[in-house]
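Below: one structure, written as structure tokens.
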Amino acid sequence: MQVDEAKEYSWKWITGDELLSHGRCELCLIVLTSSDGNGDVTLYDGENTNGRQICKFEGLANRSVPFGFHHHIYCRRGLYIDVGSNVTGLLVQWKELGHKGGGN
């Protein structure tokens, strides 16, 4: 990846539910860090939990687990993160597709 391409990607460390993109984007990477118990996080294609559920990730207690995707996951209506229980934080990397969206 060239430096110019890297500037097209957004990333953010989140600790609670959050809308990361208001429109089309590609999900690239997630690193889930769990606390005392097994942690979980659910991702939605949309601006809230009414969107289409993309997937649910779970991680073991007291661990950081990376979830990378060989092919980015396309989100048509936005990217919303619903942080479940026992999550210390979540690092998310995504790429906006031709609109103004979330931030880092």
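What follows is calculated from the coordinates using simple rules that are stated; it is not laboratory data. Not measured: the values here are computed from a predicted model. For neighbour counting, all protein chains shown are included, and Cβ atoms are generated from backbone atoms with ideal geometry for every residue, glycine included.
Miscellaneous remarks
- Going by neighbour counts of Cβ atoms within 10 Å, the residues Glu26, Glu18 line up, fewest first, as Glu18, Glu26.
- Net charge in the neighbourhood of Asn86 (other residues with Cβ under 9 Å of its Cβ; Lys, Arg +1, Asp, Glu -1) is -2.
- Value at 222 nm in deg cm²/dmol, rounded to 500, when DSSP H runs of n ≥ 4 in the chain each add -39,500 (n - 2.57): -500 deg cm²/dmol
- Ordering Glu8, Glu96 from the fewest to the most neighbouring beta carbons within 10 Å gives Glu8, Glu96.
- With 10 Å bins from 0: P(r) over segment 3-96, alpha-carbon pairs, percent: 18, 52, 26, 4
- Electrostatic bookkeeping for Asn48 treats Lys and Arg as +1 and Asp and Glu as -1; over the other residues with beta carbon under 15 Å from its beta carbon, the sum is -2.
- Label-to-label distance for Ser85 and Glu47 is 3.1 nm, based on points extended 7 Å past Cα in the beta-carbon direction.
- Rounded FRET efficiency, nearest 0.05, which uses the C-beta distance separating Asn38 from Arg76 and R0 of 25 Å: 0.25
- Order of Asp17, Asp36, Asp82, Asp45 under a 10 Å beta carbon neighbour criterion, fewest first: Asp36, Asp17, Asp82, Asp45
- Global geometry of segment 38-91, whether rounded, prolate or oblate, following the gyration tensor of its Cα atoms and the 1.5 cut on a/c: oblate
- Residue separation of Lys7 and Cys55 scaled by 0.36 nm, minus their Cα-Cα distance, works out to 14.6 nm of gained length.
- The count of lysine pairs in the chain with alpha-carbon distances below 18 Å, taking only pairs 8 or more places apart or on different chains, stands at 4.
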